[in-house]
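Asks: One structure, as structure tokens, below. Some questions next.
The values are calculated or read from the model by the stated rules, or taken from the named source; none is laboratory data. Fair warning: this is a prediction, and the values are worked out from it, not measured in the lab. A quick note on method: Cβ atoms are made from the backbone with ideal geometry, for glycine too, and the neighbour counts reach across all protein chains shown. To get the accessible areas, we keep the full protein, side chains included, count just its heavy atoms, and leave off ligands, DNA and RNA. Shrake-Rupley method; radii C 1.70, N 1.55, O 1.52, S 1.80 Å.
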Amino acid sequence: MVAFFTHEDGRYTADIMAVSAWSQSQLAGTAVCGLLAHELETHSPGPGFLPARFAVDLFRPVLNEPIELRSSMVRDGNRIRVVDAWIVQGEEIRVRASVHFLATAAEPAGEVWQPARDLPVPDRPLDGPNPPLFKSGNRDWTHDFASGVNPYRKAAWQHLPPLIEGRSMTPFERAAFVSDTTNLVCNWGTQGVGFINSDVSLTLARLPEGPEIGVFAQDHIAANGIAVATAVLYDRTGPLGTTTITALANAMRQIDMAEFAAARSIPQPTGR
């Protein structure tokens, strides 16, 4: 099965699926986030801990070249473990990330306010890895990469192929990968995607169950060429957590998602 990366001699090499829509010489933030989560998860304390906060600083583009991953323990406590990770190319740090592993426990007594949520879920499960499904406003789910050229609230739903060749994607890798899709669902408008995010913050109350995962736009604030956007991450059983991004205007290089799909020869499944 096709994967986003292969691993050999301590370095990771990207497949075409991992290439950015902004430039074929760079990697997409989704793949970068997934790879960083892979490295950070090697430091997991194990069962009884959850990767509750995952934060990524995307301050340099990750090039479509071999990648070296590095990581370091920051704190190892009874209830919290903090780990940092970096992607290194040419001895330069391209991006950095951190994770807070928190100990799970019984929830405290009492009732707490809960927001009303109506999270859109496709009627039928995706039968294996597929191109993402998109939803705009009250329109139906579709694989059409041109479907988001409108001003409506958006969602994306995915069943991802393996992150690294020869191994299954873990629930945390899946959540981290999809967290960068926040830029797409929150900043996709009538002229395409005109913002590029400089960070991603993912908070999780639980890990996704099953292979499918969605992201649903919650908020979007833009001024002075800077956008702040928030989305909910969820699966077929309900919400998992939230994602937040900060993004810079990239008006001279707005992304037409239909052109992106055609350039990558992404097939458009029929019958949905």
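Asks: When you scan the stretch 156-173, do you find a residue that is assigned to a strand (DSSP E or B) and more than 13 Å from the chain's Cα centre (by Cα), even just one? Lay out the reasoning, then the answer.
Replies: If we filter the stretch 156-173 for residues that are assigned to a strand (DSSP E or B), which is where we start, we get 156-159, 164.
Still in the running and more than 13 Å from the chain's Cα centre (by Cα): 164.
Yes - at least one qualifying residue is present in the stretch 156-173.
Asks: Also: When residues of the stretch 117-155 are filtered for being touching a Leu at 6+ places or on another chain (Cβ under 6 Å) and not in a loop (DSSP other than H, G, I, E, B), how many remain?
Replies: So the answer is 0.
Asks: Restricting to the stretch 211-255, give me the number of residues that are surrounded by fewer than 15 Cβ atoms within 10 Å (Cβ to Cβ), part of a strand (DSSP E or B) and touching a Leu at 6+ places or on another chain (Cβ under 8 Å).
Replies: The total comes to 2.
Asks: Pull up the stretch 1-19, narrow it to residues that are in a loop (DSSP other than H, G, I, E, B) and of a type outside the set (Val, Ile, Thr), then point me to the one that is most open to solvent (accessible area, probe 1.4 Å). So that I can check it myself, show each step before the final result.
Replies: Keep residues of the stretch 1-19 that are in a loop (DSSP other than H, G, I, E, B), which gives 1-4, 9-10, 15.
Still in the running and of a type outside the set (Val, Ile, Thr): 1, 3-4, 9-10, 15.
Numbers: 1: 163, 3: 11, 4: 14, 9: 142, 10: 46, 15: 54 Å².
Residue satisfying both the conditions and the ranking: 1.
Asks: Select from the stretch 152-185 the residues that are in contact with a strand residue (DSSP E or B) (Cβ under 7 Å, 6 or more places away or on another chain), β-branched (Val, Ile, Thr) and in contact (Cβ under 8 Å) with a residue 60 or more places away in the chain and list them in ascending order.
Replies: Step one: of the stretch 152-185, the residues in contact with a strand residue (DSSP E or B) (Cβ under 7 Å, 6 or more places away or on another chain) are 152-159, 163-165, 172, 174-176, 178-185.
Then drop every residue that is not β-branched (Val, Ile, Thr), which leaves 164, 178, 181-182, 185.
Within the stretch 152-185, 164, 178, 181, 182 meet the criteria.
Asks: Could you tell me whether residue 139 is in contact with a Ser or Thr (Cβ under 9 Å, 6 or more places away or on another chain), surrounded by 10 or more Cβ atoms within 10 Å (Cβ to Cβ), within 26 Å of residue 219 (Cβ to Cβ) and in contact (Cβ under 8 Å) with a residue 40 or more places away in the chain?
Replies: Details: in contact with a Ser or Thr (Cβ under 9 Å, 6 or more places away or on another chain): yes; surrounded by 10 or more Cβ atoms within 10 Å (Cβ to Cβ): yes; within 26 Å of residue 219 (Cβ to Cβ): yes; in contact (Cβ under 8 Å) with a residue 40 or more places away in the chain: no.
Answer is no for this residue.
Asks: Considering only the stretch 58-74, I want to know if a residue exists there that is surrounded by fewer than 14 Cβ atoms within 10 Å (Cβ to Cβ) and closer than 23 Å to residue 181 by Cβ.
Replies: Yes, the stretch 58-74 contains at least one residue that is surrounded by fewer than 14 Cβ atoms within 10 Å (Cβ to Cβ) and closer than 23 Å to residue 181 by Cβ.
Asks: Just one of (1) touching a strand residue (DSSP E or B) at 6+ places or on another chain (Cβ under 6 Å); (2) of a type outside the set (Ser, Thr, Tyr); (3) farther than 23 Å from residue 242 by Cβ trips up residue 15, so point out which.
Replies: The single condition residue 15 does not satisfy is (1).
Asks: Next question, about the same structure. What number of residues within the stretch 101-136 satisfy the criterion of being of a type outside the set (Ser, Thr, Tyr), open to solvent by less than 30 Å² (accessible area, probe 1.4 Å) and modelled with pLDDT of 95 or more?
Replies: Going through the stretch 101-136, the residues of a type outside the set (Ser, Thr, Tyr) turn out to be 101-103, 105-135.
With open to solvent by less than 30 Å² (accessible area, probe 1.4 Å) added as a condition, the list becomes 101, 120, 122, 126, 128, 131-134.
Remaining after also requiring modelled with pLDDT of 95 or more: 101, 120, 122, 133-134.
So the count comes out to 5.
Asks: Quick one: residue 174 ticks every box in (1) charged (D, E, K, R); (2) crowded, with 17+ Cβ neighbours inside 10 Å; (3) modelled with pLDDT under 95 bar one, so which box is it?
Replies: (3)
Asks: Tell me yes or no: at least one residue of the stretch 191-199 is under 27 Å from residue 5 (Cα atoms), without any contact (Cβ under 8 Å) to a residue 60 or more places away in the chain and either in contact with a helix residue (DSSP H, G or I) (Cβ under 7 Å, 6 or more places away or on another chain) or not hydroxyl-bearing (Ser, Thr, Tyr) (or both).
Replies: The answer is yes; a qualifying residue exists.
Asks: Would you mind finding the one in 199, 235 that is among the charged types (D, E, K, R), at pLDDT 95 or above and closer than 18 Å to residue 32 by Cβ? Give the steps one after another, and end with the answer.
Replies: Working: 235 fails: closer than 18 Å to residue 32 by Cβ.
Going through 199, 235 in turn, just one is among the charged types (D, E, K, R), at pLDDT 95 or above and closer than 18 Å to residue 32 by Cβ: 199.
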